[in-house]
1. Only one of these is more than 16 Å from the ligand (Cβ to nearest atom), assigned to a loop (DSSP other than H, G, I, E, B) and small (Gly, Ala, Ser): GLY12, GLY37. Name it.
2. Return the pair list, or none, for Cβ contacts closer than 6 Å from residues in the stretch 409-428 that are within 16 Å of SER209 (Cα to Cα) to residues that are open to solvent by 40 Å² or more (accessible area, probe 1.4 Å) and among the charged types (D, E, K, R), at least 6 apart or on different chains.
3. Restricting the search to the stretch 149-163, which residues are open to solvent by less than 20 Å² (accessible area, probe 1.4 Å) and within 16 Å of the ligand (Cβ to nearest atom)?
4. Looking only at the stretch 49-89, count every residue that is more than 16 Å from the ligand (Cβ to nearest atom), in a helix (DSSP H, G or I) and under 21 Å from ARG130 (Cα atoms) and tell me the total.
5. Could you identify the single residue in PHE181, PHE188 that is crowded, with 22+ Cβ neighbours inside 10 Å and modelled with pLDDT of 95 or more?
6. Taking the stated definitions as given, is ALA200 modelled with pLDDT of 90 or more and open to solvent by 60 Å² or more (accessible area, probe 1.4 Å)?
7. Which strands (runs of 3 or more DSSP E) does the stretch 330-425 wholly contain that include 1 or more residues that are over 28 Å from ALA200 (Cα atoms)?
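The values are calculated or read from the model by the stated rules, or taken from the named source; none is laboratory data. For clarity, every value in this text was computed on a predicted model and none was experimentally measured. We place every Cβ from the backbone using ideal geometry, glycine too, and count neighbours over all the protein chains shown. Accessible surface is based on the protein model in full, side chains and every heavy atom, while ligands, DNA and RNA are left aside. Shrake-Rupley method; radii C 1.70, N 1.55, O 1.52, S 1.80 Å.
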Amino acid sequence: MSLSLTSFGGAGTVTGSKHLIETSDARILLDCGLFQGLKVLRERNWEPLPIDPRSIDAVVLTHAHLDHSGYLPILAREGFAGPVYCTAATADLTEILLRDSAEIAEKDAAYANRKGFSKHKPALPLFTMRDVERALTLLRPIGFHVDQRLRGNVALRFRRAGHILGAATAELRCNDRVIVFSGDLGRFGDAVMLDPEPIARADYLLVESTYGDRTHARTNPLDALGAIIERTVARGGTIVIPAFTVGRAQVLLHHLWTLKEAGRLLSTPVFLDSPMAIRATDLMCHHLDDHRLPQDVCEAASAATKYVRDVEESKALTANPVPKVIIAGSGMATGGRVLHHIKAFGPDARSTILFAGYQAAGTRGARLLAGETELKMFGAWVPIRAEVANLSELSAHGDVDEIMRWLHGFEAPPERTFIVHGEPAAADALRVRIGRELQWRATVVDDRRSYNLGE
Ligand code: ZN
């Protein structure tokens with residue numbers, strides 16, 4: 001039986017995840033993500049996929065983040081009409097994320113047309129709300145640990161990946177061959193999310209490598225977070241946290257609530273300035289099996305937060321000089337309301353911009369962490385004098401030690417291990433470590449190259 005793997009994204013980069021598994025009678029796409037970050041990557045969102053979307057039999061979605069789900073509206077618009085399998089929480093979150101990004105894309109295109117600054121006439125959104133609605137009708141939620149037949153002799157099983165609400169690893173069984181895709185792996189011992197589940201067997205393994213060359217600090221993230229906020233408030237500043245509105249925002253809220261319960265930050269208000277994050281936070285209380293928090297804690301953490309829904313309230317927050325914590329998207333400061341807060345508080349040396357997750361190459365987040373002191377926003381350069389901090393221990397991604405811990409769960413070496421979803425240095429570092437520590441045959445996947453499995 002022929003079996004092959006080709007990546008059309010999520011190879012050599014952490015965005016755009018799309019991995020095609022082809023058997024003699026089925027084409028299954030693992031994840032269907034958007035490219036983000038560097039312009040050369042983002043431009044690929046506008047290029048046609050190298051394969052006809054109508055020829056794909058099914059999509060398997062590991063989790064809702066846009067770099068894994070955000071190409072679905074385009075795939076559906078271009079003719080894909082098959083099922084998109086995901087967990088129930090992933091279906092709920094994907095609906096929130098895709099609708100939100102269509103709204104932003106349509107608004108941005110309308111704004112560019114009004115102001116006439118786009119080189120495209122007229123400027124078009126990458127996808128529209130109509131495309132999103134079409135894609136959402138294709139979602140087929142299934143449970144964790146349930147065997148779902150996809151087509152012919154191909155079956156799917158999800159296990160917990162621990163990365164965000166609903167996140168799963170995907171096991172595909174094609175006849176007697178087992179392909180496992182890690183999706184994005186979470187942390188072990190996270191305060192909110194469950195540990196990534198071990199898997200006993202894979203013939204072929206695709207593993208992510210976001211932090212393939214890095215370990216997170218082993219300090220207690222609560223103390224580090226508390227200390228940064230306290231010193232900022234002491235100098236009269238505001239803490240702006242660009243957060244992935246689905247995933248880290250909820251974990252941050254829980255940490256902030258825990259600090260308040262312990263008697264810290266009592267006079268510091270916490271604002272969640274993102275209608276999308278607010279909806280995602282409410283979902284936490286609806287999917288209690290997917291995380292560690294009991295219902296009452298889930299509700300208490302939400303109640304301790306001031307929700308900012310409309311734009312006028314958000315503007316008032318930007319103008320408010322009282323020391324406070326503002327959590328807003330996007331997580332890599334590539335867009336969203338957080339830009340207005342960075343523009344307002346970034347030039348203020350008393351304030352702090354605190355990152356809480358991976359910052360992909362080319363994003364404003366990566367630039368600030370690299371020490372740049374000016375950011376281009378809304379067509380102008382904004383000086384950044386605020387403290388810039390990064391708490392990588394708050395990341396939703398496991399570090400290299402945690403990836404290795406998950407790999408140690410396999411009872412026998414896979415025939416081949418393919419490394420995806422990492423920038424080149426990280427992917428290669430993971431390859432070297434796998435070879436040294438496990439003596440497995442590991443390959444860093446080249447974008448758009450087909451690998452024959454079973455040879
Ligand atoms: Zn993710």
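1. Details: GLY37 fails: more than 16 Å from the ligand (Cβ to nearest atom).
Answer to the selection: GLY12.
2. ARG416/ARG441; ILE419/ARG431; ALA425/ASP213; ALA426/ASP213
3. Those that are open to solvent by less than 20 Å² (accessible area, probe 1.4 Å) and within 16 Å of the ligand (Cβ to nearest atom): PHE158, ALA161, GLY162, HIS163.
4. Qualifying residue count for the region: 7.
5. Working: PHE188 fails: crowded, with 22+ Cβ neighbours inside 10 Å.
Every option except PHE181 fails the conditions.
6. Working: modelled with pLDDT of 90 or more: yes; open to solvent by 60 Å² or more (accessible area, probe 1.4 Å): no.
In short, no.
7. Details: elements: 352-355, 374-377, 380-383, 387-390, 416-420.
Result: 352-355, 374-377, 380-383, 387-390.
Conditions tested, residue by residue: (1) farther than 20 Å from LEU430 by Cα; (2) within 13 Å of the ligand (Cβ to nearest atom); (3) over 16 Å from the mean Cα position of the chain (by Cα).
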residue: LEU165; (1), (2), (3): yes, yes, no
residue: ALA170; (1), (2), (3): yes, no, yes
residue: ARG173; (1), (2), (3): yes, no, yes
residue: ASP176; (1), (2), (3): yes, no, yes
residue: SER182; (1), (2), (3): no, yes, no
residue: GLY189; (1), (2), (3): yes, no, yes
residue: MET193; (1), (2), (3): yes, yes, no
residue: TYR204; (1), (2), (3): no, no, yes
residue: THR210; (1), (2), (3): no, yes, no
